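Chemist: This is the structure, below, for whatever I ask next.
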Amino acid sequence: MTQEKNAFRIPLFKPWLGNEELEEIKSVFESGWVGLGPKTTEFENALGQYLGVKNVVGTNSCTSALHLALEILNVRGKEVLLPALTFVSTAHAVIHAGGKPVWVDVEEDTLCMDPEDLNEKITKKSACVIPVHYAGHPCEMDTILKIARDNDLGVVEDAAQAMGAEYRHVKIGALDSDLTCFSFHATKNITTGEGGAITTNSETLARRLRKLRFLGADRDTWTRLKEARERYWHFVCESVGYKYYMNDVTAAIGIAQLRKIDKILERKRYLFSRYSEMLAKIPDVEIPVVRNGVLPSAYAYVIKCENRDALMEYLGACGITTGVHYMPVHMHPPYRKYRKKLPVTEEIWHKILTIPLYYELKDAEQDYIVEKIHEFYKK
Ligand SMILES: Cc1ncc(COP(=O)(O)O)c(C=O)c1O
């Protein structure tokens, strides 16, 4: 199909970046300190305050955050329960930390981890569970946390997509899990280009994470200089850690983004509801559900639809970018050996389609997207 004339060119996601971020970056350049330092601490504190959690540890991605989290909870040689309907990072982190992935199926409506299937997949070797808040819709955390507690499992939430989401009026990142990991990758609700963070109310875990993200050293360079003690250059490497910390340039972007988060969420939630109102009228399209007691982050708008691939091609030709989140991880070559039957995941992934959703998406562009979906099914 040829590209329609005068069609909009609409991306799937787009960060909302501008002068506010440039001003913050400028101040970091002028300070002469661009590594892990005061801006990172400022960002961590601001994020902690926003989420209502005691500790935030900034990292260079959510992938590294997940790896650190699983390393700290010591899953080596043990089983880690996670959905296969997630980005490969969640599973990579399990492998990097020496764990064995055990897939849990998802609920048909929310596409989040199914607590019933979680219960069935637990064995004596299970060490940890990773609920993934799919598209920013919180998992059934009360049930998952109870199952985890009853079975002595660690809980690491993959909240890469859940910045701003709430579960029973508590922000994701401040629940009773051991650790929660966020992403500030380019497509996320707030971005630092690349970046991540781990949140926890445990001082002990936070202290260990701060060392592990900085190569296992007892003090990072900025802290050593700030302390202005004798032998300021001296540090002790307590373990073989990782170079996974955030830096002050990306943290500066994060500070500016955090000031805009309420506006971003308000707009994205408006567009999310507007999509649902309009798309509910198309019989071949199933709109995403929002469970009682949760407030999704409105990170992505994922429909379930008939003829997904043909619709994707049609919309592409109309200048509308779409995506599939995800081909399940257990279908990728390195993970085939861990394959188990996942009836819902394996059926549903052929139907899911992510359509554009971002702060600057105009109402008129959204109308155009809905019109084109309508048009496809009328043909
Ligand atoms: C569910 C999920 N987990 C983990 C990640 C990894 O995040 P990052 O790109 O910050 O490493 C992503 C990023 O897209 C994600 O969507």
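Chemist: I want to confirm something. Restricting to segment 192-205 and keeping residues that are within 20 Å of the chain's Cα centre (by Cα) and surrounded by fewer than 20 Cβ atoms within 10 Å (Cβ to Cβ), which single residue is farthest from Thr180 (Cα to Cα)?
Modeler: Step one: filter segment 192-205 for residues within 20 Å of the chain's Cα centre (by Cα), giving 192-201.
Remaining after also requiring surrounded by fewer than 20 Cβ atoms within 10 Å (Cβ to Cβ): 193-194, 201.
On the way: Gly193: 20, Glu194: 17, Asn201: 10 Å.
The selected residue is Gly193.
Chemist: Could I ask something else about it? For the structure I just gave you, tell me whether Asn189 is of a type in the set (S, T, N, Q) and out of contact with any strand residue (DSSP E or B) (no Cβ under 8 Å at 6 or more places or on another chain).
Modeler: Working: of a type in the set (S, T, N, Q): yes; out of contact with any strand residue (DSSP E or B) (no Cβ under 8 Å at 6 or more places or on another chain): yes.
Criteria met by Asn189.
Chemist: Let me ask you something else. Inspect all residues belonging to segment 173-180 and state whether any of them is under 19 Å from the mean Cα position of the chain (by Cα), within 12 Å of the ligand (Cβ to nearest atom) and among the small types (Gly, Ala, Ser).
Modeler: no
Chemist: When you check Ala165 against the structure, is it more than 12 Å from the ligand (Cβ to nearest atom), aliphatic (A, V, I, L, M) and closer than 23 Å to Tyr359 by Cα, yes or no? Spell out how you get there, then give the answer.
Modeler: Numbers: more than 12 Å from the ligand (Cβ to nearest atom): yes; aliphatic (A, V, I, L, M): yes; closer than 23 Å to Tyr359 by Cα: yes.
So Ala165 fits the description; yes.
Chemist: Yes or no: Leu353 free of Cβ contacts under 8 Å to residues at least 60 places away in the same chain and touching a strand residue (DSSP E or B) at 6+ places or on another chain (Cβ under 8 Å)? Outline the logic, then answer.
Modeler: Working: free of Cβ contacts under 8 Å to residues at least 60 places away in the same chain: yes; touching a strand residue (DSSP E or B) at 6+ places or on another chain (Cβ under 8 Å): yes.
Yes.
Chemist: Here's something else I'd like to know. All but one of (1) free of Cβ contacts under 8 Å to residues at least 12 places away in the same chain; (2) within 11 Å of the ligand (Cβ to nearest atom) hold for Leu85; state the number of the condition that does not hold.
Modeler: That leaves (1) as the condition not met.
Chemist: Still on this structure, I have one more. Can you tell me how many residues in segment 103-158 are within 15 Å of the ligand (Cβ to nearest atom) and either hydrophobic (A, V, I, L, M, F, W, C) or surrounded by fewer than 19 Cβ atoms within 10 Å (Cβ to Cβ) (or both)? If you could, list the steps in order and put the result at the bottom.
Modeler: Step one: of segment 103-158, the residues within 15 Å of the ligand (Cβ to nearest atom) are 103-104, 106, 110-113, 129-139, 156-158.
Next cut, either hydrophobic (A, V, I, L, M, F, W, C) or surrounded by fewer than 19 Cβ atoms within 10 Å (Cβ to Cβ) (or both) only: 103-104, 106, 111-113, 129-130, 132, 135, 139, 156.
So the count comes out to 12.
Chemist: Give the residues of segment 45-68 that are more than 16 Å from the ligand (Cβ to nearest atom) and either at negative phi or touching a Leu at 6+ places or on another chain (Cβ under 8 Å) (or both), sorted by residue number. Show your work before the answer.
Modeler: Let us first name the residues in segment 45-68 that are more than 16 Å from the ligand (Cβ to nearest atom), namely 45-46, 48-55.
The answer is Asn45, Ala46, Gly48, Gln49, Tyr50, Leu51, Val53, Lys54, Asn55.
Chemist: Here's another thing I want to ask about it. Go through segment 293-327 and give me each residue that's crowded, with 19+ Cβ neighbours inside 10 Å, among the hydroxyl-bearing types (Ser, Thr, Tyr) and within 21 Å of His374 (Cβ to Cβ).
Modeler: Within segment 293-327, Tyr301, Tyr314, Thr322 qualify.
Chemist: Show the residue pairs that are 6+ apart or on different chains and have beta-carbon atoms under 6 Å apart, the first residue being within segment 182-198 and in contact (Cβ under 8 Å) with a residue 40 or more places away in the chain and within 9 Å of the ligand (Cβ to nearest atom), the second being in a strand (DSSP E or B) and aliphatic (A, V, I, L, M).
Modeler: Phe182/Ala197
Chemist: Within segment 240-279, which residues are within 19 Å of the chain's Cα centre (by Cα), in the same structural domain as Lys39 (by TED's automatic domain parsing) and over 16 Å from Glu20 (Cβ atoms)?
Modeler: Within segment 240-279, Tyr244, Tyr245, Met246 qualify.
Chemist: Here is a further query. Just checking, does segment 70-81 include any residue being exposed (fewer than 14 other Cβ atoms within 10 Å of the Cβ), of a type in the set (Gly, Ala, Ser), away from the ligand (no atom under 16 Å from the Cβ) and closer than 30 Å to Lys124 by Cβ?
Modeler: Residues of segment 70-81 exposed (fewer than 14 other Cβ atoms within 10 Å of the Cβ): 76-77.
Filter once more, so that each one left must be of a type in the set (Gly, Ala, Ser): 77.
Pick out the ones that are also away from the ligand (no atom under 16 Å from the Cβ) and you get 77.
From the residues that got through so far, the ones that are closer than 30 Å to Lys124 by Cβ too are 77.
Yes - at least one qualifying residue is present in segment 70-81.
Chemist: Against the definition (touching a Pro at 6+ places or on another chain (Cβ under 8 Å) and either away from the ligand (no atom under 16 Å from the Cβ) or assigned to a loop (DSSP other than H, G, I, E, B) (or both)), how does Ser276 come out, yes or no? Show your work before the answer.
Modeler: Numbers: touching a Pro at 6+ places or on another chain (Cβ under 8 Å): yes; either away from the ligand (no atom under 16 Å from the Cβ) or assigned to a loop (DSSP other than H, G, I, E, B) (or both): yes.
Answer is yes for this residue.
The values are calculated or read from the model by the stated rules, or taken from the named source; none is laboratory data. These numbers were taken from a predicted model, which means no experiment stands behind them. For neighbour counting, all protein chains shown are included, and Cβ atoms are generated from backbone atoms with ideal geometry for every residue, glycine included.
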